[in-house]
Amino acid sequence: MLRQTSVEDILASYNDRAPLSEASTIPAPWYVDSRIAELEDMTVFSKSWQVIGRAAQVETAGQFVTSTLAGEPIVAVRGVDGQLRAFYNVCRHHAAKVVTEACGSASILHCPYHGWNYGLDGSLKGMPEFDGVENFERAENGLIPVKVETWEAFVFVNLDPQAKPLSRFLGGLVKRCAPLGLSKLHFFERKTYDIACNWKVFVDNYLDGGYHVPHLHKGLSSVLDYKQYTIENEDRYCLQSSPMVTSDEDAATATTRKGDRAWYFWQYPNFMINCYEGYMDTNLVVPVDVDHCRVIFDFYFSDISDARREYNTQSIAVGDRVQDEDLGICEDVQRGLKSRAYGAGRLSVRREKGEQLFHRLLAADLKSGLPSAVAAAD
């Protein structure tokens with residue numbers, strides 16, 4: 001009988017101290033072993049700041065947005081006092097989801113199961129037919145709070161009660177993005193892609209420093225000065241950037257991807273911001289299981305008037321084509337990761353230092369969280 005490799009051995013098989021010139025990717029089992037996916041839920045997604053919505057969705061009292069993070073249902077809501085709060089979206093009575101809509105507005109949070117009501121501050125307001133129940137403290141049965149903060153156009157939450165402030169987590173990204181005026185752009189449309197690959201495969205593809213662009217994205221490649229493409233790592237983010245060039249190879253891409261420079265930000269572990277002149281799209285990579293992820297694209301433009309609708313729609317179509325190209329290769333990579341012919345791959349010094357940053361940050365989280373995960377399993 002073959003002995004199953006332990007999680008400890010799988011984690012130890014990656015050398016996170018190797019310099020880039022000697023480094024390899026994280027090994028294949030990191031992408032295909034369900035135990036690694038479970039560990040990521042506990043040590044990465046339960047302890048990092050995660051985007052769950054847009055700040056514009058919770059601007060006024062009663063506005064809410066819901067999401068699921070590491071298997072936990074979450075709701076963020078603006079209180080009548082103007083404060084933004086977030087809670088586990090779980091009724092304290094029989095665990096039903098209290099808020100069932102993706103977003104909206106409400107004066108009270110009403111559980112559809114047994115009619116328990118919670119205030120916008122999470123406090124328990126009423127329980128039908130609860131007379132005669134003894135030793136029950138209403139004040140102790142409100143919704144359980146979760147840390148929540150906003151930055152630029154985005155709402156972040158963190159399930160870790162001991163989490164450092166969002167600004168500490170984002171680090172230098174805040175200053176680097178400030179000149180781009182991200183909050184001045186307006187949301188236009190959302191597209192969601194379900195992909196048959198591990199979430200890390202999609203992130204790797206994003207962080208390969210444009211390595212695949214000339215080969216896979218002919219249209220996008222035509223407007224980027226590939227030889228001048230730069231990669232910068234700092235804190236928990238990577239910035240990939242390229243000067244823009246004029247081209248008549250792909251009219252749709254040339255028309256909708258404008259400006260002096262393209263900016264591609266990745267924030268650990270799973271959030272991307274892509275900017276051109278008058279345009280931004282964000283990518284949130286959500287793990288589904290070890291072999292599947294969901295990527296949520298939100299598109300923003302400087303002008304979302306009716307007069308610009310056709311142009312904006314064309315711009316999204318260009319992004320959709322690029323995503324379709326990525327989808328196919330990511331699913332192919334996931335299949336290849338299960339081959340007995342593959343263990344790990346070497347990294348390009350010129351192109352893949354962003355990918356190494358991702359792997360090092362991930363390894364640090366998984367290795368530091370392993371003892372507590374083992375203890376919880378025991």
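Summary table below
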quantity: Filter pass, F169 being at pLDDT 95 or above, within 15 Å of the chain's Cα centre (by Cα) and not in a strand (DSSP E or B); calculated: yes
quantity: Where C91 falls short, out of the listed (1) over 25 Å from the mean Cα position of the chain (by Cα); (2) more than 30 Å from Q356 (Cβ to Cβ); (3) in a helix (DSSP H, G or I); calculated: (3)
quantity: Residue list for the stretch 53-80, filter: open to solvent by 20 Å² or more (accessible area, probe 1.4 Å) and either in a strand (DSSP E or B) or aromatic (F, W, Y) (or both); calculated: R54, Q63, T66, S67, T68, E72, P73, R78
quantity: Search result, residues across the stretch 21-51 that are open to solvent by 30 Å² or more (accessible area, probe 1.4 Å) and either under 21 Å from R346 (Cβ atoms) or part of a helix (DSSP H, G or I) (or both); calculated: S21, E22, S24, P29, V32, S34, R35, E38, D41, M42
quantity: Answer from R340, R350 - the residue that is at negative phi, outside any helix (DSSP H, G or I), modelled with pLDDT under 95 and open to solvent by 40 Å² or more (accessible area, probe 1.4 Å); calculated: R350
quantity: Near pairs, Cβ below 8 angstrom, 6+ apart or cross-chain, from the stretch 114-134 (within 27 Å of V80 (Cα to Cα) and free of Cβ contacts under 8 Å to residues at least 24 places away in the same chain) to any residue that is open to solvent by 70 Å² or more (accessible area, probe 1.4 Å) and assigned to a loop (DSSP other than H, G, I, E, B); calculated: H114/H94; P128/H114
quantity: R321 being in contact (Cβ under 8 Å) with a residue 40 or more places away in the chain and either part of a helix (DSSP H, G or I) or under 24 Å from Y237 (Cβ atoms) (or both); calculated: yes
quantity: Among the residues listed as Y229, Y300, Y268, the single one being under 21 Å from R360 (Cα atoms) and either open to solvent by less than 60 Å² (accessible area, probe 1.4 Å) or among the hydrophobic types (A, V, I, L, M, F, W, C) (or both); calculated: Y268
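The values are calculated or read from the model by the stated rules, or taken from the named source; none is laboratory data. Keep in mind it's a predicted model, so treat the numbers as computed, not measured. Quick reminder, even Gly has a Cβ in these numbers, built from the backbone with ideal geometry, and neighbours come from all protein chains shown. Accessible surface is based on the protein model in full, side chains and every heavy atom, while ligands, DNA and RNA are left aside. Shrake-Rupley method; radii C 1.70, N 1.55, O 1.52, S 1.80 Å.
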